[in-house]
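For reference, the structure discussed in these notes is given below.
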Ligand code: NI
């Protein structure tokens, strides 16, 4: 495993649409491993493949609860409901935060690293993190949707 460079706002690659993963080969597994390692190294709660320069539909999420790391290959949000506004940040927009409206519930359909399709229901912060990462796969960054974008105060 190795750390990968995270692309920052202004990098055109972040604005491109990522392609579906057709074959889960060693390169994809290595990508997932590296994404998780990179996310943890930066204290992130999620990371999408385009953020490390790979235009493929893969995301990792770990909101720091007992469920641990979640990997999603070709994720699709197939159901959503509710609405809530919360503060968000992004590893590609370091130092900035803003308020984003997101659903409070989503059902996601995706594939795991074994190529098995699964569905997962997520609520609240977990749902938010998934929506944020899936947005990256279509070139959307949270600042596109955020209000009151401001510097994150250094603790
Ligand atoms: Ni992000």
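The values are calculated or read from the model by the stated rules, or taken from the named source; none is laboratory data. Just so it is clear, the model here is predicted, and its values are computed rather than measured. Using ideal geometry, Cβ is built from the backbone for each residue, glycine included, and neighbour counts are taken over all protein chains shown.
Here residue 59 does not qualify as under 15 Å from the mean Cα position of the chain (by Cα), assigned to a loop (DSSP other than H, G, I, E, B) and surrounded by 13 or more Cβ atoms within 10 Å (Cβ to Cβ). Listed conditions (1) assigned to a strand (DSSP E or B); (2) at pLDDT below 95 are all met by residue 74, apart from (2). Considering the range 77-155, the qualifying strands (runs of 3 or more DSSP E), each wholly inside and each with 2 or more residues that are within 16 Å of the chain's Cα centre (by Cα) and at pLDDT 95 or above, run over 84-88, 96-102, 105-111, 117-123.
The single condition among (1) touching a strand residue (DSSP E or B) at 6+ places or on another chain (Cβ under 9 Å); (2) not in a helix (DSSP H, G or I) that residue 50 does not meet is (2).
In the range 39-55, which residue that is more than 12 Å from the ligand (Cβ to nearest atom) and within 14 Å of residue 1 (Cα to Cα) is nearest to the chain's Cα centre (by Cα)? Write out each step before concluding.
At the first step, the residues of the range 39-55 found to be more than 12 Å from the ligand (Cβ to nearest atom) are 40-41, 43, 53-55.
Okay, now just the ones that are also within 14 Å of residue 1 (Cα to Cα), so 40-41.
On the way: 40: 13, 41: 15 Å.
That would be 40.
Can you confirm whether residue 47 is under 16 Å from residue 60 (Cα atoms), touching a helix residue (DSSP H, G or I) at 6+ places or on another chain (Cβ under 6 Å) and modelled with pLDDT of 95 or more? Working first, answer last.
Working: under 16 Å from residue 60 (Cα atoms): yes; touching a helix residue (DSSP H, G or I) at 6+ places or on another chain (Cβ under 6 Å): yes; modelled with pLDDT of 95 or more: yes.
Yes.
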